[in-house]
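What follows is a single structure, written as structure tokens, with notes after it.
The values are calculated or read from the model by the stated rules, or taken from the named source; none is laboratory data. What you see is a predicted model; the values in this text were computed from it and never measured. Cβ placement follows ideal geometry from the backbone for every residue including glycine, while neighbour counts extend to all protein chains displayed. In case anyone asks, the SASA skips ligands and DNA or RNA and just uses the protein heavy atoms, side chains included. Shrake-Rupley method; radii C 1.70, N 1.55, O 1.52, S 1.80 Å.
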Amino acid sequence: MSDDPLLTPVQFVKGVGPDRAELLQKLEIRTVEDLLWHLPRDLLDLSEVRAIPDLKEDDSVSVYGVVVDLDGKHLSRGRTLSAVLLESDGAYLKGLWFNQPWVLKRFQHGQKVLFSGKVKKKSGRWEMSHPRYQFLEEDDEGAIRGEVLPRYPLTEGLRMHEMRRMTRSAVNEYGEQI
């Protein structure tokens, strides 16, 4: 075994383990160094925060608002629809999650939230399907900002949020070695 920490098998990176290491091998990622050099294929820019009246169809943006309504519905064949309605300066945006009823437990009326994702207009109302969300504190209003997220090449069985988390772990733990 080498003394070089970058040659550490990837399974020992926090959040990877043997099962994910097997999936990463399909991407030719075997060591910490391989993971650190597995570069994003592109970026998802959600740093632009827009007011609801300024939204345009299919834009990927972030929207700030206050939770004014929570709704969960059972659809056919055991499926569910969860909705969170944000209000900002008299305008509304609905965040929708399919088959994720637990998401409603994360939100409360009056909570300040930043939704990020692609907006669509349905029946004259703005919606975001499966938005990323960030809870804001009272003093966060002046510093509201979205994120720029890397989008990595993946393999079957590996999801984007897992890849981001593993890469972030590797950077935090081994980044100074490069």
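Miscellaneous remarks
- For the chain, the longest principal axis of the Cα atoms and the long axis of helix 160-174 meet at an angle of about 50 degrees.
- With every protein chain in place, the stretch 6-163: carbon and sulfur % of accessible area (1.4 Å): 47
- Percent RCO, i.e. relative contact order, over the stretch 29-73, from Cα pairs under 8 Å lying at least 6 residues apart: 29
- Here is how the number arises for the chain: DSSP H runs of 4 or more residues each give -39500 (n - 2.57), the sum is divided by the residue count, and the result at 222 nm is -4500 deg cm²/dmol.
- For Tyr174, net neighbour charge (Lys/Arg +1, Asp/Glu -1) across residues whose Cβ lies under 11 Å away: -3
- The local environment of Arg165, defined by Cβ-Cβ distances under 11 Å, has a net charge of +4 under the rule Lys, Arg +1 and Asp, Glu -1.
- Percentage relative contact order, the chain, counting C-alpha pairs under 8 Å, at least six apart: 26
- Annotation: Thr167 carries an accessible surface of approximately 10 Å², with a 1.4 Å probe and no ligand, DNA or RNA atoms counted.
- Per-selection Rg to Rh, the chain - Cα, Kirkwood hydrodynamic radius: 1.06
- Listed residues Glu156, Glu173 arranged by accessible area, highest first, probe 1.4 Å: Glu156, Glu173
- Within the shell of other residues whose beta carbon sits under 11 angstrom from the beta carbon of Gln100, the net charge comes to +3, with Lys and Arg scored +1 and Asp and Glu -1.
- Working from label points 7 Å from Cα in the Cα-to-Cβ sense, the Tyr92 to Leu43 distance is 3.6 nm.
- Those lysines that a straight Cα-Cα span of less than 20 Å connects to Lys118, excepting residues fewer than 8 apart in one chain: Lys56, Lys94
- Computed over the stretch 1-49, the percent of Cα pairs more than 15 Å apart is 51.
- Over the stretch 70-135, relative contact order from alpha-carbon pairs under 8 Å, at least 6 apart, %: 29
- Taking only the C-alpha atoms of the stretch 1-85, the Rg (one decimal) and the largest Cα-Cα distance, Dmax (whole number), read 21.2, 59 Å.
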